[in-house]
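**Q** Sharing a structure, written as structure tokens. Questions coming.
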Amino acid sequence: MKKGEPKTLTYLSLVAVVLVLAGLAYAVVHNHMPVKETAWALTPPVIAIALALITKEVYSSLFLGILTGAFLNAGFDLVGTLNQVFQEGLLTVLSDKWNVGILIFLVILGMMVQLMNRTGGSAAFGQWASTHIKSRAGAQLATMLLGCLIFIDDYFNCLTVGSVMRPVTDKYNISRAKLAYLIDSTAAPVCIIAPISSWAAAVSGFVKGENGISIFVQSIPYNFYALLTLAMMVIIILLGIDYGPMKVHEDNARQGDLFTTGITEEAAETMRKGEKIGSVIDLVLPIVMLIICCVIGMIYTGGFFEDKGFVDAFANSDASVGLVLGSAVALIITVAFYLVRQSLPFAECMDCLPEGFKQMVSAMLILSFAWALKAMTDSLGAAKYVASVVEGSAGNLMNFLPAIIFLIAVFLAFASGTSWGTFGILIPIVVSCFQGVDHQMMIISISACMAGAVCGDHCSPISDTTIMSSAGAQCIHLNHVTTQIPYAMTVAVVSFFTYLVAGFSKSALVSLIFGIVILCMGLMAMRRRNLQQ
């Protein structure tokens, strides 16, 4: 790319946004064109995502998306627009209990990571792992395995796996973009097929008139995007297949550049300087305590210590509050453990707290903007518009409906950056279409909705799990987005055709075998292409 091209693209993109807004303003004000509950309601996230991918500027792109939504909500009134951006947007989402809980959890995780790094626990684990992990493939498989084991919650997964495996993947010159992909691909895709997880609890709550957990368990074999994503990771790791922007990052990482863009080698070396080697227990015990405390925190919020069983408590848990309580207790235990072991003096432990906060500022800012953008999209009635589109297509396309629902869920989750919001819109529609009519098709269609939502969430630059995967891997966010999309879209295309087969065969085994065969053929073709270059 030529030196002046990024700035030129930025200016052209901004001009395009201004022209779109001017055209919308004219149509809304002079022609009284309806905006709410129409396709125009999806304009804000489309603008934000397009700008982010074109200009590589995340903050400004998200803010322009928020501004677009505010303009449309306020009818292009200036005072009303400012009120929408701040009072109805940023201030509202930042005063939401769930959102604040997630931000606090992020901060505490940042503090714990900083403490583990300062004691040398992360470096010690990297050295220990290097005696057991002998190759790049082994390091990637270990990352994937750890991600699969931490299936309780995707937020917890992203940050924990990143903090544990970063020293190991760095030692074997695996790019931060590849690490972020492995983390992201074992976060939501694993949680959505784990019966005991915050995701299972969320999905079961959207299935009215049915046993939600039972429906969730029955849908697991049909969740082709999640299953094929796991299969794809194993294949590309074992065969060393990389393509698209990820290949550039991996080729550079083999030469010692783990970041490719955004961080110079001098800065990377500065980050590594002064890192002392501690003891493996300085990393293992805090992580174990974090897992135990967060599980206890989540079942506590679900009423486990009152009168509910473990599964019911998990299904009724408040993940945001549970993760805050658990991580806070784990932080206290970690500090006490380091003081008793004399791994760090008290003053240095306290110095790590603001440093850990600083590490998470970027992720917190992107999350806040993404939530505000979602609030703008919700207030424009995007959910009702999508619901009407799905209901309108349900009549004569029953066998094709799983594939259609998958595509709609992908687009909606990509545009809104939320899987759970997509579940809330589409699952009740699916249940109303098939309940009492065709139970098997209802299961397949619910699975298609969940798979599409995870796929869209996986690709979206404004998704919380995408943002947290970048934070967990300490990877430049847009590097993660641009390298992951080709991989996610490969699985998405295969999943679409797999749902077509499932709609007619109604067999999970036949459909999954078909999907795996098609996926293997595509990846082997990509491998041959790489070998020929």
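**Q** List pairs: first in the range 92-104 and on the phi < 0 side of the Ramachandran plot, second buried (at least 18 other Cβ atoms within 10 Å of the Cβ) and charged (D, E, K, R), Cβ under 9 Å, 6+ apart or cross-chain?
**A** From the range 92-104, the pairs are V93/K374; K97/D318; W98/D318; G101/D318; I102/D464.
**Q** Residue under question is I54, and the condition is that it be assigned to a helix (DSSP H, G or I), of a type in the set (A, V, I, L, M, F, W, C), open to solvent by less than 70 Å² (accessible area, probe 1.4 Å) and in contact (Cβ under 8 Å) with a residue 24 or more places away in the chain; does it hold? Even if it seems obvious, please write down each step before you answer.
**A** Values: assigned to a helix (DSSP H, G or I): yes; of a type in the set (A, V, I, L, M, F, W, C): yes; open to solvent by less than 70 Å² (accessible area, probe 1.4 Å): no; in contact (Cβ under 8 Å) with a residue 24 or more places away in the chain: yes.
Spelling it out, it is not the case that I54 is assigned to a helix (DSSP H, G or I), of a type in the set (A, V, I, L, M, F, W, C), open to solvent by less than 70 Å² (accessible area, probe 1.4 Å) and in contact (Cβ under 8 Å) with a residue 24 or more places away in the chain.
**Q** For the range 453-511, which residues satisfy the criterion of being of a type in the set (D, E, K, R) and crowded, with 24+ Cβ neighbours inside 10 Å? Let's see the steps before the verdict.
**A** Step one: filter the range 453-511 for residues of a type in the set (D, E, K, R), giving 457, 464, 506.
Of everything in the range 453-511, those that are of a type in the set (D, E, K, R) and crowded, with 24+ Cβ neighbours inside 10 Å turn out to be D457, D464.
**Q** Being in contact with a Gly (Cβ under 7 Å, 6 or more places away or on another chain) and part of a helix (DSSP H, G or I) narrows it down to one residue among V510, V494; which is it?
**A** Working: V510 fails: in contact with a Gly (Cβ under 7 Å, 6 or more places away or on another chain).
One residue alone meets the criteria, V494.
**Q** Now, a different point. For the range 126-135, which positions are open to solvent by less than 50 Å² (accessible area, probe 1.4 Å) and part of a helix (DSSP H, G or I)?
**A** Result: G126, A129, S130.
**Q** Restricting to the range 484-504, name every residue that is polar (S, T, N, Q) and farther than 16 Å from L227 by Cβ. Walk me through how you get there before you give the answer.
**A** Initial filter on the range 484-504 (polar (S, T, N, Q)): 484, 490, 495, 498.
Listed by number, the list holds a single entry, Q484.
**Q** Oh, and also: Failed condition for Q440, given (1) open to solvent by 10 Å² or more (accessible area, probe 1.4 Å); (2) under 21 Å from T490 (Cα atoms); (3) at pLDDT 85 or above, with all others met?
**A** Going through the list (1) open to solvent by 10 Å² or more (accessible area, probe 1.4 Å); (2) under 21 Å from T490 (Cα atoms); (3) at pLDDT 85 or above, Q440 breaks only (2).
**Q** Of everything in the range 166-178, what is of a type outside the set (D, E, K, R), open to solvent by less than 10 Å² (accessible area, probe 1.4 Å) and in a helix (DSSP H, G or I)? Give them in sequence order.
**A** Narrowing the range 166-178 to residues of a type outside the set (D, E, K, R): 167-169, 172-175, 177.
Among the residues that remain, those that are also open to solvent by less than 10 Å² (accessible area, probe 1.4 Å) are: 168-169, 174-175, 177.
Within the range 166-178, V168, T169, A177 meet the criteria.
**Q** Scan the range 341-361 for residues that are hydrophobic (A, V, I, L, M, F, W, C), more than 17 Å from A330 (Cα to Cα) and at pLDDT below 90 and jot them down.
**A** Of all residues in the range 341-361, those hydrophobic (A, V, I, L, M, F, W, C) come to 344, 346-347, 349-350, 352-353, 357, 360-361.
Checking the rest, the ones that are also more than 17 Å from A330 (Cα to Cα) come to 347, 360-361.
Listed by number, the residues that qualify are M360, V361.
**Q** For the condition in a helix (DSSP H, G or I), modelled with pLDDT of 90 or more and aromatic (F, W, Y), what is the one hit in Y181, Y155? Full working, then the answer.
**A** Values: Y155 fails: modelled with pLDDT of 90 or more.
Exactly one residue qualifies, and that residue is Y181.
**Q** Could you tell me how many of the residues in the range 69-80 are farther than 11 Å from V35 by Cβ and touching a residue at least 24 places away in the same chain (Cβ under 8 Å)?
**A** Total satisfying the criteria: 1.
**Q** What number goes with the only condition from (1) surrounded by 24 or more Cβ atoms within 10 Å (Cβ to Cβ); (2) farther than 20 Å from I193 by Cβ that L103 does not pass?
**A** (1)
**Q** From the list F411, F406, which residue is modelled with pLDDT of 85 or more, open to solvent by 70 Å² or more (accessible area, probe 1.4 Å) and either at negative phi or in a helix (DSSP H, G or I) (or both)?
**A** Details: F406 fails: open to solvent by 70 Å² or more (accessible area, probe 1.4 Å).
The match here is F411.
**Q** Let me ask something else. Between a first residue in the range 203-223 that is over 18 Å from A188 (Cα atoms) and a second residue that is surrounded by fewer than 18 Cβ atoms within 10 Å (Cβ to Cβ) and modelled with pLDDT of 70 or more, which pairs have beta carbons less than 7 Å apart while being 6 or more apart in sequence or on different chains?
**A** K208/P428
**Q** Further, regarding this structure: Please list, ordered by residue number, the helices (runs of 4 or more DSSP H) wholly in the range 62-125 having 3 or more residues that are within 30 Å of L283 (Cβ to Cβ) and hydrophobic (A, V, I, L, M, F, W, C).
**A** On the way: elements: 78-85, 91-94, 97-119.
The helices (runs of 4 or more DSSP H) meeting that bar are 97-119.
**Q** So, one more: Tally the residues that are surrounded by 19 or more Cβ atoms within 10 Å (Cβ to Cβ) and among the aromatic types (F, W, Y), restricting the search to the range 64-96.
**A** Result for the range 64-96: 1.
The values are calculated or read from the model by the stated rules, or taken from the named source; none is laboratory data. Keep in mind that this is a model prediction, so the values were computed, not measured. Neighbour counts run over all protein chains shown; Cβ positions are idealised from the backbone, glycine included. For the accessible areas, the whole protein counts, side chains as well, though only heavy atoms, and no ligand, DNA or RNA atoms are used. Shrake-Rupley method; radii C 1.70, N 1.55, O 1.52, S 1.80 Å.
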